[in-house]
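Worksheet: one structure, shown below.
The values are calculated or read from the model by the stated rules, or taken from the named source; none is laboratory data. In this text, all values refer to a predicted model and were calculated from it rather than measured experimentally. Cβ: placed from backbone, ideal geometry, glycine included. Neighbour counts: every protein chain shown.
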Amino acid sequence: MSHWNNRIFRRDYNGKTFYEIHEVFYNDDKKILWWSIEPEFGPFETIEDLIGTIETLQEDAIRSKDDVLDFGSNPEADWDDEEIDCKVGEENDEIADLGEDGKK
């Protein structure tokens, strides 16, 4: 019986190495048949960052499993744009401008 799991892949983007999680599918002889083109998770600059983020996600999911939020609901409090310390830089703008094919 064939099966699948998630594996860490190393990939170069513009000459820099990143790490991602991809689904990998095996045949009955446990040989790799194929893997997902798009990462399930990542990219991260180090394996340690990737694993640390996964550990945090797992801890948060376990902690909040009995307090699930509904995506369509409204936030509980109002916020003022000036109080939010976030960066909307060129990288984020470039990502927002990408089409479905990943190109501008």
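Tell me yes or no: at least one residue of the stretch 9-22 is of a type in the set (S, T, N, Q), at positive phi and at pLDDT 75 or above. Before you say what the answer is, go through the steps one by one.
From the stretch 9-22, those of a type in the set (S, T, N, Q) are 14, 17; that's our starting set.
Narrowing the set further to residues that are at positive phi leaves 14.
Within this subset, residues satisfying the condition of being at pLDDT 75 or above are 14.
Yes - at least one qualifying residue is present in the stretch 9-22.
Is it the case that V68 is at pLDDT below 55, assigned to a loop (DSSP other than H, G, I, E, B) and not small (G, A, S)? Spell out the reasoning first.
On the way: at pLDDT below 55: no; assigned to a loop (DSSP other than H, G, I, E, B): yes; not small (G, A, S): yes.
When the stated conditions are applied, V68 does not pass them.
For residues that are touching a Lys or Arg at 6+ places or on another chain (Cβ under 9 Å) and surrounded by fewer than 15 Cβ atoms within 10 Å (Cβ to Cβ), scanning just the stretch 3-21, find the one that is nearest to F44 (Cα to Cα). Give the steps one after another, and end with the answer.
Taking the stretch 3-21 and keeping what is touching a Lys or Arg at 6+ places or on another chain (Cβ under 9 Å), we get 3, 17-21.
After this cut, where a residue has to be surrounded by fewer than 15 Cβ atoms within 10 Å (Cβ to Cβ) as well, the list is 3, 17.
Working: H3: 26, T17: 9 Å.
Among them, the one singled out is T17.
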